[in-house]
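Values quoted throughout were computed directly from the atomic coordinates according to the rules given, and no laboratory measurement underlies them. Just so it is clear, the model here is predicted, and its values are computed rather than measured. Glycine also receives a Cβ, built like all others from the backbone with ideal geometry; neighbour counts cover every protein chain displayed.
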Amino acid sequence: MQETEGVALQDAMLALAMVGDLSMGQPIDQSRRTARLAQWLVQACGGDRAQADAARQVALLRWSGCTANAEGFMHLLGDDVGGRRAMLAQTLDAAGQRAMLRTTPLAQVHCEVAGDIARTLGLDTAVEQGLRHVFEQFDGQGRPAGLRHPEVPEVVYQVVLAGDLEILSRVHGLDAALEWIDGQGDRLYPAALAGELTRHARDWLEALREPEAVAPDSGPQVSLTLVGDVIDLKLPWLAGYSRQAAELARAAARLWGLAEAGVERLGRAALLHGIGRASVANRIWNLPGPLLAGDLEQVRLVPYWTQRACAQTGGLGEAGQLAAHAYERLDGSGYFRALAGDALQAEHRLLAASLAWQALRGARPWRPAFSEEQAARLLQDEAQRGRFDPLACQAVIAAARGEQRPMAARAGNGLLSERETQILRRISAGASNKEVARDLGISPSTVRTHVESLFRKLQCSTRAAATLKALTLGVI
């Protein structure tokens, strides 16, 4: 496991839950609300703690396999996000309902991937089996194996019932939801279990208005790379994109001379930056050329949804804040905040350049991958136009070529010492003397001495002027 990859199990599951919610066209708290309802249903039926925990975990990961079959749903319904939103809300038109008869292969992909995710996370066998059979039905008409009661795991009934109540009551109102659920007794799930849910439904939905108290996760650490890999499954041509970008961003950050804490943040941000991509239909991502205004607005919201999702997981908030700057550009032409210039710090600039390089080096449905030379030229051209930081591009290109000598050690013309160059890089990115001292493990007074020295050498009296002159001279 790479140094940036360890994350609390609870945070990984929450991140995957929100990727799934966005992929299914749902609010980003749908799976968490369903998880609470499923736990309460288990408890009302006399289940123990282990059964309640299994229901929660299956509910959180219920949609974790849906990025893997998004392309299939695009071909089947025309819109993988909107089509599945209508599927869950029971609002598909006649053509959509006929198309759903051909979803067995897609259900197989979903269940296999979700089950493998549970196994990779080290979850209990009951959770894995629940996810592998989450589309099976009481009457044997489910998918992909056509299991019939009592072969269907009990946790499947609990989670599906909870999900139907959460979604249908939100879309159609409680009375209509309960009427529909009642009609599915001994068809989708046991009638007796549906009756138990109905008795408590109003009180439980009211209880959902109260925020859930989540204790800090003291459990095992799992790989954050898994989250990035699941995100990338949405588009076949993105396989491995996030993990490769994370590796590149870490290497570039070290060449730049960032402190190790910044290197770690960059790696995590690169793995998570695509969470919001799940909210946009594959049809849009597969379009070559300029997007229509409405489609472009959906794309511009991708980093917003990434930030919103990460902010709701205890250990990923900081990385999510950084990831939300993935598509900002120095000239203000990026999104979603359209930040520019000094508002973008070194980590923001390195992340943007790393992702752009990785995109250029990957094949797309409408073009082949660019060669290393072509990608370097394109990235440098964009830097000259003011969209990317030239030094960030230089660090990314050097990292992609396998260089390991820090840029600080190669600072231009010997004007500044290596330590002065390190400090200037940090203060030019907005760090205070105290922050620089903490990053470099030296005292603030030593930092002040170095700052005064580099000001003298550069014949400047302000940080902004020193930054501009150092850039002009190629010192940083």
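I need Cys393, Cys111, Cys460 ordered by Cβ neighbour count within 10 Å, fewest first.
Ascending Cβ contact count within 10 Å gives the list Cys460, Cys111, Cys393.
Could you state the number of Å between the C-alpha centres of the stretch 292-306 and the stretch 6-71?
26
How high is the relative contact order of the chain, in percent, with contacts defined as C-alpha pairs under 8 Å that are six or more residues apart?
It rounds to 14 percent for the chain.
For Lys434 and Ala464, calculate 0.36 nm times their separation in residues minus their Cα-Cα distance, and state this gained length in nm to one decimal.
9.0 nm
Is it possible to state the helix-based mean residue ellipticity at 222 nm for the chain, with each DSSP H run of 4+ residues giving -39500 (n - 2.57), the sum divided by total residues, to the nearest 500 deg cm²/dmol? What is it?
It lands at -18500 deg cm²/dmol.
For each of Trp305, Trp63, count neighbouring Cβ atoms within 10 Å of the residue's Cβ, then give the residues from fewest to most.
Ordered from fewest to most neighbouring Cβ atoms within 10 Å, Trp305, Trp63 come out as Trp305, Trp63.
Assuming R0 = 22 Å, can you tell me the calculated FRET efficiency for the pair Ala44 and Asp186, based on Cβ-Cβ distance, to the nearest 0.05?
Rounded to the nearest 0.05, the efficiency is 0.70.
Could you work out how far apart the two model spin labels at Arg419 and Thr91 are, taking each label as a point 7 Å from the Cα in the direction of the beta carbon, and quote it in nm?
The answer from the label model is 6.5 nm.
Over the chain, what portion of Cα pair distances is larger than 38 Å, expressed as a whole percent?
Percent of Cα pairs beyond 38 Å in the chain: 33.
Nearest 10 degrees is fine. How inclined is helix 154-172 to the longest principal axis of the chain, computing both from alpha carbons?
80
In what sequence do Met74, Met18, Met24 fall when counting other Cβ within 10 Å, fewest first?
Ranked by crowding around the Cβ, least crowded first: Met74, Met24, Met18.
So how strong a dipole does the chain carry about its Cα centre when Lys and Arg Cβ are +1 and Asp and Glu Cβ are -1, to the nearest 20 debye?
Computed charge dipole of the chain: roughly 1880 debye.
Relative contact order for the stretch 8-207 using alpha-carbon pairs under 8 Å, separation at least 6, rounded to a whole percent?
20
Just subtract the alpha-carbon distance of Ser333 and Leu101 from 0.36 nm times their residue separation and send over the number in nm, one decimal.
79.1 nm
Given the options Pro150, Pro303, Thr313, identify the residue whose Cα lies farthest towards the positive end of the charge dipole of the chain (+1 on Cβ of Lys, Arg; -1 on Cβ of Asp, Glu).
Towards the positive end, the residue furthest out is Pro303.
Can you give the extra length, in nm with one decimal, that the chain gains between Ala363 and Glu403 once fully stretched, where that is 0.36 nm per residue apart less the Cα-Cα distance?
12.0 nm
Which semi-axes, in whole Å and largest first, does the equivalent ellipsoid of the stretch 411-473 have when worked out from the alpha carbon gyration tensor as the square roots of 5 times its eigenvalues?
The three semi-axes for the stretch 411-473 are 18, 12, 11 Å.
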